[in-house]
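Colleague: So that we are looking at the same thing, I have put the structure below in structure tokens.
The values are calculated or read from the model by the stated rules, or taken from the named source; none is laboratory data. What you see is a predicted model; the values in this text were computed from it and never measured. Glycine gets a Cβ as well: all are built from the backbone with ideal geometry, and neighbour counts include every protein chain shown. Ligands, DNA and RNA are excluded from the accessible area calculation, which covers all protein heavy atoms including side chains. Shrake-Rupley method; radii C 1.70, N 1.55, O 1.52, S 1.80 Å.
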Amino acid sequence: EVSSREQLRDALKAHEAKLGGPCFAEAFIEGREFNMSILAGGGNPLILPPAEIRFNDYPPDKPKIVTYRAKWDEESFEYQNIIASFDFQEYDAELIENLKAMSGRCWDLFSLRGYARVDFRIDQEGIPWVMEVNINPCLSPDGGYAWAVEEAGLTFNDAIDRIVKDSLK
């Protein structure tokens, strides 16, 4: 743990040698986490239903972060206690619309094609922060992107067809 900018700068310099190049640090945003999947086709991109990443039964001192263990280690606490939920309350409607709009702006800003996913954290004041624009999210039929496709009422084959057609333009 570092407590000053100078210590942070020194720690980053030390990691550069280990990682083989420049690195950076970013602030952890405590709050809700959302994934917004996007699919090309039909002129404008289709913003698929949002998924909220829920950290069930996490102790207060455990960071709420989706790690390697959460994704791939089926025996881990993280894997067993993190779920993607597509169910929201009415009071979330404005937030969801804002996340959809921001996702569409990311699609346009980065000239994305085919498919993508934008990951967000919502801070304690309700402000959304883009954590990542993932231009190649996992397309495994049993993964989060495929779940969003299904929630949208499409088949996995429909999504792949749209991605391929967009790539041929």
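Colleague: In whole angstrom, and with the biggest value first, how far do the Cα coordinates of segment 43-134 range along each principal axis?
Modeller: Projected onto its principal axes, the Cα set of segment 43-134 covers 43, 30, 20 Å.
Colleague: Using θ = phi - 60° and the Karplus form 6.51 cos²θ - 1.76 cosθ + 1.60, what ³J(HN,Hα) does each residue of segment 30-35 get, whole Hz, x for Gly and Pro?
Modeller: Per residue, the Karplus-derived 3J(HN,Hα) values read 6, x, 5, 10, 10, 10 Hz.
Colleague: In 10 Å bins starting at zero, report the fraction of Cα pairs in the chain per bin as a rounded %.
Modeller: In order of increasing distance, the bins hold 9, 31, 33, 20, 6, 0 percent.
Colleague: I've got another one for you. How large is ³J(HN,Hα) for each residue in segment 20-26, as worked out from phi by the Karplus curve 6.51 cos²θ - 1.76 cosθ + 1.60 (θ = phi - 60°), to whole Hz, x for Gly and Pro?
Modeller: Residue by residue, segment 20-26 yields x, x, x, 9, 9, 10, 10 Hz.
Colleague: Could you give the nm distance between label points at residue 15 and residue 61, where each point is 7 Å from its Cα heading toward the beta carbon?
Modeller: 2.3
Colleague: Residue 138 to residue 105: extension gain in nm, 0.36 nm per residue of separation minus the Cα-Cα distance?
Modeller: Details: separation 33, 0.36 × 33 = 11.88 nm, distance 2.15 nm.
Extra length available between residue 138 and residue 105 comes to 9.7 nm.
Colleague: Still on this structure: With contacts defined as alpha carbon pairs under 8 Å and 6 or more residues apart, what's the relative contact order of the chain in percent?
Modeller: Here the relative contact order equals 25 percent.
Colleague: May I pose another question? Quick one: which of 130-138, 98-106, 57-65 comes out on top by average Cβ neighbours within 10 Å, and what's the full order, highest first?
Modeller: Details: 130-138: 14.2, 98-106: 17.3, 57-65: 9.6.
Ranking the peptides 130-138, 98-106, 57-65 by packing returns 98-106, 130-138, 57-65.
Colleague: Need the list of aspartates and glutamates near residue 62 for cross-linking: C-alpha distance under 20 angstrom, and skip anything on the same chain fewer than eight residues off.
Modeller: Filter leaves 1, 26, 30, 33, 52, 73, 74, 75, 78, 123.
Colleague: How large is the helix-only mean residue ellipticity at 222 nm for the chain, computed as the sum of -39500 (n - 2.57) over DSSP H runs with n ≥ 4, divided by its residue count, in deg cm²/dmol to the nearest 500? List each step's numbers first, then the result.
Modeller: Numbers: 6 runs with 62 residues, N = 169.
So the calculated ellipticity at 222 nm is -11000 deg cm²/dmol.
Colleague: Report the local net charge at residue 149: Lys and Arg +1, Asp and Glu -1, summed over other residues whose C-beta lies under 13 Å from its C-beta.
Modeller: Numbers: positive: 117, 162; negative: 142, 150, 151, 158, 161.
Value of the local net charge: -3.
Colleague: Accessible area per residue of the chain at 1.4 Å probe, in Å²? It would help to have the intermediate numbers written out before the result.
Modeller: Numbers: 11130 Å² over 169 residues.
On a per-residue basis, the chain sits at 66 Å².
Colleague: Taking 35 Å as R0, compute the FRET efficiency from the Cβ-Cβ separation of residue 75 and residue 30 and round it to 0.05. Write out the running numbers ahead of the final one.
Modeller: Working: r = 27 Å, r/R0 = 0.77.
My answer for the efficiency is 0.80.
Colleague: Follow-up. Segment 90-169: Rg/Rh from Cα coordinates, Kirkwood Rh?
Modeller: On the way: Rg = 13.9 Å, Rh = 13.9 Å.
Using Cα coordinates only, the ratio equals 0.99.
Colleague: Around residue 34, under 14 Å between beta carbons, what's the net of Lys plus Arg minus Asp minus Glu among the other residues? Write down the numbers at each step before the final one.
Modeller: Working: positive: 32, 54, 64, 100, 117, 121; negative: 33, 52, 87, 92, 94, 97, 119, 123, 132, 151.
Residues near residue 34 contribute -4 overall.
Colleague: Considering amide H positions built from the backbone, and no H for Pro or chain starts, which residues 5 or more places from residue 114, or on another chain, come under 5 Å of its amide H?
Modeller: Long-range HN contacts for residue 114: 40.
Colleague: Okay, next question. Do the alpha carbons of any pairs in 64/169; 18/71; 64/165 sit beyond 29 Å of each other, and which pairs? Don't skip to the answer; put the middle values down first.
Modeller: Values: 64/169 40 Å; 18/71 25 Å; 64/165 37 Å.
Exceeds cut-off: 64/169; 64/165.
Colleague: Would you list 117, 69, 54 from the most to the least accessible area, probe 1.4 Å?
Modeller: On the way: 117 40, 69 110, 54 75 Å².
Heavy-atom accessible area, descending, gives 69, 54, 117.
Colleague: I need the chymotrypsin sites (Phe, Trp or Tyr not before Pro) found in segment 108-147, filtered to DSSP loop residues with at most 16 other beta carbons within 10 Å of theirs.
Modeller: Values: sites: 110, 115, 120, 129, 145, 147; in loops: 110.
Sparse-neighbourhood loop chymotrypsin sites (Phe, Trp or Tyr not before Pro): 110.
Colleague: How large a share of the accessible area of the chain, in percent, is made up of carbon and sulfur atoms when the probe is 1.4 Å and the other protein chains stay in place?
Modeller: Values: 5800 of 11130 Å².
About 52 percent, which is the carbon plus sulfur part of the accessible surface.
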